[in-house]
Amino acid sequence: MKYIALFLCFLTFSAALPAQDRILINGERLNVSLRDLAEFGKTPEGGTNRVAYSDDDLRAREFTIRLMREAKLDVSIDLAGNIIGRRAGSDASLKPIMIGSHIDSVPMGGRFDGQVGSMGAIEVARTLAEKGITLRHPLEVIIFQNEEGGTVGSTALAAGILPERLDLVTNSKKTIREGIKAIGGDPDKLTRPLRQKGDLAGYLELHIEQGGRLDQQKINIGVVEGIVGLSWWEVTITGFANHAGTTPMDQRQDALLAAAKYVEAVNRAARSMTGRQVATVGKIQAFPGATNVVPGKVVTSLDVRDLDPAKIAQVLDKIRESVKQIEAETGTKFEFKQTSASKPALTDAGFKSAIDASAKDLGLTTFLLPSGAGHDAQEIADLCPIGMIFVPSRDGISHSPREFSRPEDITNGANVLLRTLLRLDQ
Ligand code: HGY
Ligand code: MN
Ligand code: MN
């Protein structure tokens, strides 16, 4: 009886996928690549400090290019500075399928965000090369530049970058323009998108969940249904710098006091509505920044997110309302400059079912979930259908040195990436 069941099981399996699709990636090699990559910008807490365009980012890119060549990919740098590795397909009439992620990190971030999908995509290509498998579609493995600074590389691909955005100073202290030059791109040629709708057959990205649902519920693979939209601002508050000892309390224009009220107002705005919208002030700098000076200027930030653009607009409206009151109370002026905006994006129904079926073929459990983090995939959604595969993040921690995903979960994720790719290629 047991043997009949096994045989039936084998028959179903064979019917679902041709023989060559029973291949798997090399999980040990993938996890070694991740460990090696983590050396670039390694922090004492075991995290990664590898902001885009920093020396560590440049070195990590060189390392990644070497790995791509070992995977027999034909490597080039596009005008935006994204690294692209190509593998030819057998049907010249087909557009490429793209897979990849990013290797830059937030300041003092972790070893997995972006890196799992980048090393995973290269491992998939290496497996194809090793097993001598030629897909019908050409394959492009892409390592997007500066994802953490507002999906810069993918925006260049799908929408183009306005010249004024190139002058923004990044966490590396270089402007985006200087950064793009440093990584081999040409910032003067990015006004128009590098790719057009129809240039790609699809985009697939493997990533860590960065939330705790898969971990809590002990699910192997997350099938992403959509990615939140986000709206990023640089907020400058202008008051009047004056002597901390001689300026009476009722005669101050304290920009830092206004900032404190603003931080509270941002939190209140997001919490005053039902739903999953979030709003964060993550950065603040007071000028001149001295113990004995009433701060005359503060430069701070704003990050608002939701799956629904209308919700983002509502939160922003509430914040602006509070800001008017804060200005009046403190004698300061607020100026909002948008630094990045990404639309919410839904993943493709066919990609979702291909991911789900590929995971189930491997005996893995799956779960449909939204992404609260932003991803390059949401920019690429303007060009072609997209899909995203999530693997569990321990305790849901991310953008932190304590970010962790288990090697076996990473291996599972890369196998699902490979098998989804093979399925979509059919
Ligand atoms: O900020 C984000 O959600 C992303 O990790 N870049
Ligand atoms: Mn991130
Ligand atoms: Mn990421």
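The values are calculated or read from the model by the stated rules, or taken from the named source; none is laboratory data. Since this is a predicted model, take the numbers as computed values, not measurements. Neighbour counts are summed over all protein chains in view; Cβ atoms, including those assigned to glycine, are modelled from backbone coordinates with ideal geometry. Only protein heavy atoms, including side chains, enter the accessible area calculation; ligands, DNA and RNA are left aside. Shrake-Rupley method; radii C 1.70, N 1.55, O 1.52, S 1.80 Å.
Of all residues in the stretch 83-92, at least one satisfies being among the aliphatic types (A, V, I, L, M), open to solvent by 10 Å² or more (accessible area, probe 1.4 Å) and over 15 Å from the mean Cα position of the chain (by Cα). Residue 172 satisfies every condition listed in (1) touching a Ser or Thr at 6+ places or on another chain (Cβ under 9 Å); (2) assigned to a loop (DSSP other than H, G, I, E, B); (3) away from ligand 1 (no atom under 16 Å from the Cβ); (4) open to solvent by 10 Å² or more (accessible area, probe 1.4 Å) except (3).
Out of curiosity, is residue 48 at negative phi, surrounded by 23 or more Cβ atoms within 10 Å (Cβ to Cβ), at pLDDT 95 or above and polar (S, T, N, Q)? So residue 48 fits the description; yes. In the stretch 100-114, the residues that are not assigned by TED's automatic domain parsing to the domain that holds residue 418 never reach a residue that is more than 9 Å from ligand 3 (Cβ to nearest atom) with C-beta atoms less than 7 angstrom apart, at least six apart or across chains.
Residue-wise test of (1) assigned to a loop (DSSP other than H, G, I, E, B); (2) among the small types (Gly, Ala, Ser); (3) within 16 Å of ligand 2 (Cβ to nearest atom); (4) touching a residue at least 24 places away in the same chain (Cβ under 8 Å).
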{"site": "177", "(1), (2), (3), (4)": "no, no, no, no"}
{"site": "185", "(1), (2), (3), (4)": "yes, yes, no, yes"}
{"site": "188", "(1), (2), (3), (4)": "no, no, no, no"}
{"site": "192", "(1), (2), (3), (4)": "yes, no, no, yes"}
{"site": "200", "(1), (2), (3), (4)": "yes, no, no, yes"}
{"site": "207", "(1), (2), (3), (4)": "no, no, yes, yes"}
{"site": "216", "(1), (2), (3), (4)": "no, no, no, yes"}
{"site": "225", "(1), (2), (3), (4)": "no, no, no, yes"}
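Taken over the stretch 117-153, the criterion of being of a type outside the set (Ser, Thr, Tyr), part of a loop (DSSP other than H, G, I, E, B) and within 15 Å of ligand 1 (Cβ to nearest atom) is satisfied by 145, 146, 147, 148, 149, 150.
Filter the stretch 14-39 down to residues that are more than 22 Å from residue 400 (Cβ to Cβ), of a type in the set (D, E, K, R) and modelled with pLDDT of 95 or more, then give me how many there are. The number of residues fulfilling the criteria is 2.
All of 377, 414 fail the test of being within 16 Å of ligand 2 (Cβ to nearest atom) and part of a helix (DSSP H, G or I), apart from 377. Of all residues in the stretch 96-116, those that are open to solvent by 10 Å² or more (accessible area, probe 1.4 Å), within 16 Å of ligand 1 (Cβ to nearest atom) and in contact with a Pro (Cβ under 9 Å, 6 or more places away or on another chain) total 2. When only residues in the stretch 49-75 that are touching a helix residue (DSSP H, G or I) at 6+ places or on another chain (Cβ under 8 Å) and of a type in the set (Val, Ile, Thr) count, which is nearest to residue 149 (Cα to Cα)? In this case the residue turns out to be 51. Look at residue 396 and say whether it is over 15 Å from the mean Cα position of the chain (by Cα), away from ligand 2 (no atom under 15 Å from the Cβ) and of a type in the set (Gly, Ala, Ser). Answer is no for this residue. When residue 138 is tested against the conditions (1) touching a helix residue (DSSP H, G or I) at 6+ places or on another chain (Cβ under 9 Å); (2) more than 16 Å from ligand 2 (Cβ to nearest atom); (3) over 18 Å from residue 186 (Cβ atoms), the lone failure is (1). Residue 164 fails exactly one of the following numbered conditions: (1) at pLDDT 95 or above; (2) within 30 Å of residue 332 (Cβ to Cβ). What is the number of that condition? Condition not satisfied by residue 164: (1).
Listed conditions (1) among the aliphatic types (A, V, I, L, M); (2) surrounded by fewer than 24 Cβ atoms within 10 Å (Cβ to Cβ); (3) within 16 Å of ligand 2 (Cβ to nearest atom) are all met by residue 119, apart from (2). Would it be correct to say that residue 382 is assigned to a loop (DSSP other than H, G, I, E, B) and more than 16 Å from ligand 2 (Cβ to nearest atom)? Answer is yes for this residue. Return the pair list, or none, for Cβ contacts closer than 7 Å from residues in the stretch 388-407 that are without any contact (Cβ under 8 Å) to a residue 12 or more places away in the chain and open to solvent by 40 Å² or more (accessible area, probe 1.4 Å) to residues that are within 15 Å of ligand 3 (Cβ to nearest atom) and among the polar types (S, T, N, Q), at least 6 apart or on different chains. So the pair list comes out empty.
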